[in-house]
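Peer 1: Below you'll find the structure I mean.
The values are calculated or read from the model by the stated rules, or taken from the named source; none is laboratory data. Predicted, not measured: the structure shown is a model, and the values here were computed from it. Note that each Cβ is placed from the backbone with ideal geometry, even for glycine, and that neighbours are counted across all protein chains shown.
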Amino acid sequence: MSERRLDPSGDPGHHELPSSLWTPPEMPEDLRRMGLTRNTEEGAWIELVSTLDPSRPGHVVVAWLILIVLVGMPAFFTIENVVHASR
């Protein structure tokens with residue numbers, strides 16, 4: 001028999017992953033109790049915005065875009081509907 005069978009993948013070219021790889025952040029316990037995980041829509045948004053770093057300009061731009069899309073656009077469409085309904 002070959003020693004190849006002792007490797008977890010059966011392929012001697014695969015090794016354990018280094019610990020320096022990115023791992024997703026842990027969802028806080030209170031959010032997990034409410035049933036939010038990265039597999040729910042709200043949990044995915046919370047995980048995304050919790051990984052943004054305010055010291056990086058690109059992350060600040062992404063945060064503003066998310067704010068505009070999630071708050072600004074619904075407010076705009078609501079105001080637009082009110083204005084058109086009053087005519």
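Peer 1: Taking segment 49-63, which residues are within 27 Å of Met34 (Cα to Cα) and either in contact with a His (Cβ under 8 Å, 6 or more places away or on another chain) or in a helix (DSSP H, G or I) (or both)?
Peer 2: Result: Val49, Ser50, Leu52, Asp53, Val62, Ala63.
Peer 1: I need the full set of residues from segment 28-48 which are over 20 Å from His59 (Cα atoms) and either in a helix (DSSP H, G or I) or touching a helix residue (DSSP H, G or I) at 6+ places or on another chain (Cβ under 7 Å) (or both), in order please.
Peer 2: Hits for segment 28-48 are Glu29, Asp30, Leu31, Arg32, Arg33, Leu36, Thr37, Glu41.
Peer 1: Which one of these does Asp11 not meet: (1) modelled with pLDDT under 85; (2) surrounded by 10 or more Cβ atoms within 10 Å (Cβ to Cβ); (3) charged (D, E, K, R)?
Peer 2: Just one mismatch for Asp11, condition (2).
Peer 1: Any residue that is over 13 Å from the mean Cα position of the chain (by Cα), surrounded by 10 or more Cβ atoms within 10 Å (Cβ to Cβ) and at pLDDT below 90 - is there at least one of those in segment 44-56?
Peer 2: Taking every residue of segment 44-56 in turn, none turns out to be over 13 Å from the mean Cα position of the chain (by Cα), surrounded by 10 or more Cβ atoms within 10 Å (Cβ to Cβ) and at pLDDT below 90.
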